[in-house]
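*Asks:* Got a structure for you, written out below as structure tokens; questions coming shortly.
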């Protein structure tokens, strides 16, 4: 495993991505839960309970190799990615709800991501393999997640205009760095990448479609507005692949487990774009011009 990827290639992109999230956050984004508890609750249930169950079912259905299966469970347990805010903006979702969900999910993931990862290792991997969570590395990863978010929030509080000016450059840098992380993760397994793509590509695409659909259909069926359902769809379908890759490479120390997240990180953007266009073109956003239910903030 390339040490440069672990020491520089993962921490810096992850820190930049989370700093970008912090630049878009204010304490009101957390307090906004009280304004729309139903929307937040439904989205969290889909994200934290439904997605891991879906991933587990797909892993069993596709009969994935044990290490790839663990990688998929790590992906399913990872929080929503900050790019969900952009997609929600493009397809007229409730961006404020996205921001709130991303913030809350990122905090909750401190507990749920290690729990799901540890359970997946126990379930899929032979105990004699000595593969497991390295808790000192886990603390390092979550420090890289939380500290940049807090710094970003501090910057926004002190200088909102600067935070707004930096939003687009940081978002662009985050996308570029995510691509580099994905390429780096695949490079660590370059000798087996064609085999892994054949094994993981289809299930990753299916999981992405199911995630987006669950995120949209379930909230809509339970009475949320169109813009809220669109926001939930992108929040649940677009994962923080960088964090999932960091979990596999840094905390567990297994490159093969990072492959599902790397493949998903490539596929989720075009699939999410097509999903957004289909939803919009079918006219399900007929109420999009009505006032947003959670807030009017844009990313």
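*Asks:* Do you know which of the residues in region 160-178 that are without any contact (Cβ under 8 Å) to a residue 40 or more places away in the chain and within 17 Å of residue 29 (Cα to Cα) is nearest to the chain's Cα centre (by Cα)?
*Replies:* This residue is 164.
*Asks:* I need every pair where a residue in region 58-77 that is touching a residue at least 12 places away in the same chain (Cβ under 8 Å) and on the phi < 0 side of the Ramachandran plot has its Cβ under 7 Å from the Cβ of a residue that is outside any helix (DSSP H, G or I) and crowded, with 24+ Cβ neighbours inside 10 Å, sequence separation at least 6 or different chains.
*Replies:* What qualifies is 75/239.
*Asks:* Here's another thing I want to ask about it. Could we say that residue 103 is touching a helix residue (DSSP H, G or I) at 6+ places or on another chain (Cβ under 6 Å) and touching a residue at least 60 places away in the same chain (Cβ under 8 Å) here?
*Replies:* Criteria met by residue 103.
*Asks:* A further question on this structure: For residues that are crowded, with 24+ Cβ neighbours inside 10 Å, touching a helix residue (DSSP H, G or I) at 6+ places or on another chain (Cβ under 6 Å) and either under 17 Å from residue 83 (Cβ atoms) or without any contact (Cβ under 8 Å) to a residue 12 or more places away in the chain (or both), tally how many sit in region 208-238.
*Replies:* 12
*Asks:* Looking at region 170-204, which of the residues that are out of contact with any helix residue (DSSP H, G or I) (no Cβ under 9 Å at 6 or more places or on another chain) and in a helix (DSSP H, G or I) is modelled with the lowest pLDDT?
*Replies:* Within region 170-204, the match that is modelled with the lowest pLDDT is 194.
*Asks:* Scan region 17-31 and tell me whether some residue there is under 22 Å from residue 222 (Cα atoms) and assigned to a helix (DSSP H, G or I).
*Replies:* no
*Asks:* I need the helices (runs of 4 or more DSSP H) fully contained in region 46-109, keeping only those with at least 2 residues that are over 21 Å from residue 246 (Cα atoms).
*Replies:* 51-62, 83-90
*Asks:* Identify the single condition in (1) touching a helix residue (DSSP H, G or I) at 6+ places or on another chain (Cβ under 8 Å); (2) farther than 21 Å from residue 226 by Cα that residue 111 does not satisfy, given that it satisfies every other one.
*Replies:* It is condition (1) that residue 111 fails.
*Asks:* Can you work out which of the residues in region 230-264 that are in contact with a strand residue (DSSP E or B) (Cβ under 9 Å, 6 or more places away or on another chain) and not in a helix (DSSP H, G or I) is farthest from residue 16 (Cα to Cα)?
*Replies:* Checked region 230-264; the qualifying residue farthest from residue 16 (Cα to Cα) is 238.
*Asks:* Quick one: is residue 267 modelled with pLDDT under 85 and in a helix (DSSP H, G or I)?
*Replies:* no
The values are calculated or read from the model by the stated rules, or taken from the named source; none is laboratory data. Keep in mind that what you see is a predicted model, and the values were worked out from it rather than measured. Counting neighbours? That spans all protein chains shown, and the Cβs are built from the backbone with ideal geometry, glycine included.
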